[in-house]
Structures are given as structure tokens and as C-alpha cells.
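*Asks:* Quick one: the structure is below, questions incoming.
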Amino acid sequence: MRAFVIDRYKGDLHEADLAEPAVGEHDVLVRVAAAGVNQLDEKVRTGEFRQILPYRFPLALGHDVSGTVIRVGSKVDGFAPGDLVYARPRDGRIGTFAEAIAIDETDVSLAPSSISAVEAASLPLVALTAWQSLVERGNVQPGQKVLIHGGNGGVGTIAIQLAKHLGAHVATTVSAANADFVRELGADEVIDYETQDFADVVHGYDLVLDSLGGENLEKSLRVLTPGGKAIGIAGPPDPAFARTAGLNPLLRLAIAGVSRRIRNQARKLGVSYEFLFMRASGDQLRRIAALIDQGVVRPVVGHVRGFADTPQVLAGLPSSRIRGKAVISIADVPAAPDSITETRSERVSS
């Protein structure tokens, strides 16, 4: 099958012919219709996570997928051939820049019925990041104040809508050109990062979702109310993450040192800092699909290219200013077998 792979860290992403994935007893084999492109793909390519996510080569990249189930493992009872699904395959089993991928069934959900395959492929990683930040970690409640940095990006566009659904007052940082766009998504307060310092504008916030790290994260601590929380998805990793990831003692010590400064700053201010490295979850994707189909959250796709353009899309991502996500359209989703309901077979045409 066709796939886009790297042969070494920092190597070029290039097309290769790989064997069709083996299907384990708990796996579903998905014919890929579309794949989202994420900053995480570039970070894996450059080896930024090689100490905590060691991969073998050749490695097919890609963390988001939508497509059709074409085979299931012997112990799978929640999916059948013809189902239209979407997923963020777990770490260690990525590879959605390919014509097919085998995914553990617990990472998979039926795709939202009201959107296209391309839109569905834009969602898993960023929607799970938003869910785990705001619902799991943040426990956002009605009336609370949430600051979301980079509101026009992949995570930001979904997080604004989800936070608003949870009843929060939502502020976000974007350029002036994107101000009206994020207001349409539900932002109550918009800070132009090109002309304003958000730390001078907002105060007393309960939660900050930071996607930049560094000085931006340090300033974010200062806009929190006592007891508030900053959740960082760009780092630095914290000791809790190292424990959950099961890293060796030496790596745990190194991670504790890297994050000590920001954790100490948070402690002095009476707030907290947590690093989030999102995890795969088919159950959470099912909840997100329900919100999509209810019209509560809508995907934002800013750029769609063909399969052959995958390397160019990934290479251009760091400098891209698109709204929402870039998506690779790999193939049309075939019609479902006669045994599958008409509703499922028509999902991608809605």
C-alpha cells in the first residue's frame, strides 16, 4: 500500500510501498479516506519525542484518520466492515498518512453523521486535546473564565466552542484579521496579540489553555485567579506526565528539572500548572461526535490537499496561518455493504 514515511529522525517525508497492516484480535482495519495534519507529526519527524516515543523505521506519520472499516479482529464486536469511523491512533501505532491503518478498537469511534470525511479527519487529535484540557483536567463549570491562546488554530477553534458549550466566559488571543472569526465561534473577549499584551487585558481567570509555552506560559500564570490552573500542550512536561508515561528514573529526573521553574512560579502565585500530552480515546470521540451532530461544535478545515501533496503540507505547517486544520484527502469513502444501514453509507455526503 502507498504510505508517506520517514527512514530516520529529521529525514524527509517520502512515499513508500508498505505491506498492509496486520490486524490483531482487538483491531479494526480502516481504509483511509482522509488524514489530518498536525504539529505533532512534525515533532515526531524531527525526533523531539524520541526519548519518550521511540519508533522503528520506516515510520509512517499521521495521527488523525477518517475512513471505512474493511476488516475487524476476532474479538472485535463494536465495529463491522462498512462502518464509517474516525480516530486518533494511540502513540506507538500512528501512521494515518497511508492507504490503510490497523487501530485498536478502543481508540475508534463511529464518525459524526452530519459532516464529511475530510471534516471528520480534522477532529480527533485537536478535539481530544480540547476535551481532556477543559473537561477532564479543567473541570470547567458554568460562569468560569477560560483563556484559550491561538483561538484560530486547530485546538483553539474546537476549544472555544467546547468551553462556550460548558458555560464559560471565553477569551482568546488571535490577530486582528481573525477577531470576527473567533467571535463567531463563541469567544466573548478577543485580544489582538499583535497590538495588545493579554496579561494587561485579562485577569481573574480560572483556566488557561496554552499552546505556546515559554514566556507566554509564564505570563499566563499571572492572569489566573488563586486556585486557577494553566494547562500547557506545548510543554514543558511535568513529573505527573513522566509517571503516567512510565518513563525511566533518569528521564523522570530530567523532566522534573525542566519544569521546575514554571511549577515553582505557579506555586508562588497560588495557582497550578499541568502539562497535557493527549491520549487516544474512542469513548471521548463518541461524546464529541454527539456534540458535532447536535450542532454544538463544528470542525474548521482551512486547507485540503491530495495524498501526493502530504510532504509539502507537513513542511508548510510551521509557517501556516490557516484557520483550523490542514487535511489530506486520500480517497473517497466507498459505499457501505448492503448489510449496513443507509444512514451510515451516506455519512460523508451530508
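*Asks:* Just by accessible area at a 1.4 angstrom probe, what is the order of Ser319, Ser329 from largest to smallest?
*Replies:* From most accessible down to least: Ser319, Ser329.
*Asks:* Given +1 on the Cβ of Lys and Arg, -1 on the Cβ of Asp and Glu, and no further charges, what dipole in debye does the chain carry about its Cα centre, rounded to the nearest 20? Intermediate values should be presented prior to the final figure.
*Replies:* Working: 37 positive and 41 negative charges, 246 e Å.
Computed charge dipole of the chain: roughly 1180 debye.
*Asks:* To the nearest 0.05, what FRET efficiency results for Glu42 and Lys75 with a Förster distance of 30 Å applied to their C-beta separation? Working shown, then result.
*Replies:* Details: r = 35 Å, r/R0 = 1.17.
After rounding, the FRET efficiency stands at 0.30.
*Asks:* Related question: Filter Lys43/Lys219; Lys10/Lys268; Lys10/Lys75; Lys75/Lys229; Lys43/Lys75; Lys43/Lys164 down to the pairs with a C-alpha to C-alpha distance above 32 Å, please.
*Replies:* Numbers: Lys43/Lys219 25 Å; Lys10/Lys268 39 Å; Lys10/Lys75 38 Å; Lys75/Lys229 41 Å; Lys43/Lys75 34 Å; Lys43/Lys164 30 Å.
The pairs that break the limit, which is 32 Å between Cα atoms, are Lys10/Lys268; Lys10/Lys75; Lys75/Lys229; Lys43/Lys75.
*Asks:* Under 16 Å from a point 7 Å along the Cα-to-Cβ line of Thr225: which residues of segment 131-163 have their amide N that close?
*Replies:* The answer is 138-148.
*Asks:* Ok, one more. For the peptides 11-24, 165-178, 252-265, what is the packing order when you average, over each peptide's residues, the other Cβ atoms within 10 Å and list the highest mean first?
*Replies:* Per-residue Cβ counts within 10 Å, averaged per peptide and sorted highest first, yield 165-178, 252-265, 11-24.
*Asks:* For Arg287 and Arg260, calculate 0.36 nm times their separation in residues minus their Cα-Cα distance, and state this gained length in nm to one decimal. Can you show the working numbers first?
*Replies:* On the way: separation 27, 0.36 × 27 = 9.72 nm, distance 3.52 nm.
Once the chain is fully extended between Arg287 and Arg260, it gains 6.2 nm.
*Asks:* What is the dipole size for segment 162-248, taken about its Cα centre, with +1 at each Lys and Arg Cβ and -1 at each Asp and Glu Cβ, in debye to the nearest 20?
*Replies:* Details: 6 positive and 13 negative charges, 92 e Å.
Magnitude of the dipole: close to 440 debye.
*Asks:* Tell me, what is the 1.4 Å probe accessible area of Lys10, in Å² to the nearest 10?
*Replies:* It works out to around 130 Å².
*Asks:* Given a cut-off of under 8 Å on Cα pairs at least six residues apart, what relative contact order in percent is computed for the chain?
*Replies:* Worked out over the chain, it gives 21 percent.
*Asks:* Could you please state, rounded to a whole Å, how far the C-alpha centre of segment 81-138 is from the C-alpha centre of segment 235-314?
*Replies:* Computed from Cα coordinates, the inter-centre distance equals 15 Å.
*Asks:* Near Lys145, which aspartates and glutamates are there with a Cα under 15 Å away, not counting those fewer than 8 places off in the same chain?
*Replies:* Once the sequence-local aspartates and glutamates are set aside, what remains near Lys145 is Asp188, Glu189, Asp206, Asp210.
*Asks:* On to the next question. 7 Å from Cα along Cα→Cβ at both Glu99 and Asp188: what's the point-to-point distance in nm?
*Replies:* 5.2 nm
*Asks:* Quick one: which residues, 5 or more positions from Leu147 or on another chain, have an amide H under 5 Å from its amide H? H modelled 1.01 Å from N in the peptide plane, none for Pro or chain starts.
*Replies:* Amide H neighbours of Leu147, under 5 Å, 5+ apart: Ala171, Leu207, Val208, Leu209.
*Asks:* Between Ala177 and Ala19, what is 0.36 nm times their sequence separation minus the Cα-Cα distance? Round to one decimal in nm. Present the calculation step by step, with values, prior to reporting the outcome.
*Replies:* Details: separation 158, 0.36 × 158 = 56.88 nm, distance 4.55 nm.
Taking Ala177 through Ala19 to full extension adds about 52.3 nm, to one decimal.
*Asks:* Pick out, from Tyr205, Ala130, Gly186, the residue whose Cα sits farthest towards the positive end of the charge dipole of the chain, with +1 on the Cβ of Lys and Arg and -1 on the Cβ of Asp and Glu.
*Replies:* Tyr205
*Asks:* Over the chain, what is the percentage of antiparallel beta bridges among all DSSP beta bridges, to the nearest 5?
*Replies:* For the chain, the DSSP antiparallel bridge percentage is about 50.
*Asks:* If packing is taken as the average number of other Cβ atoms within 10 Å across a peptide's residues, how do 76-85, 118-127 rank, most packed first?
*Replies:* Averaged packing, sorted descending, gives the order 118-127, 76-85.
*Asks:* Packing-wise, with mean Cβ within 10 Å as the measure, how do 62-74, 306-318, 226-238 rank, highest first?
*Replies:* Details: 62-74: 24.2, 306-318: 15.6, 226-238: 20.0.
For the peptides 62-74, 306-318, 226-238, the packing ranking is 62-74, 226-238, 306-318.
*Asks:* Moving to a separate point now. Percent of alpha carbon pairs in the chain separated by more than 26 Å?
*Replies:* Everything past 26 Å amounts to 49 percent.
The values are calculated or read from the model by the stated rules, or taken from the named source; none is laboratory data. Only a predicted model underlies this, so the values are computations on that prediction, with no experimental measurement involved. Every residue, glycine as well, gets a Cβ built from its backbone with ideal geometry; the counts of neighbours run over all protein chains shown. Surface areas here come from the heavy atoms of the whole protein model, side chains and all, with no ligands, DNA or RNA. Shrake-Rupley method; radii C 1.70, N 1.55, O 1.52, S 1.80 Å.
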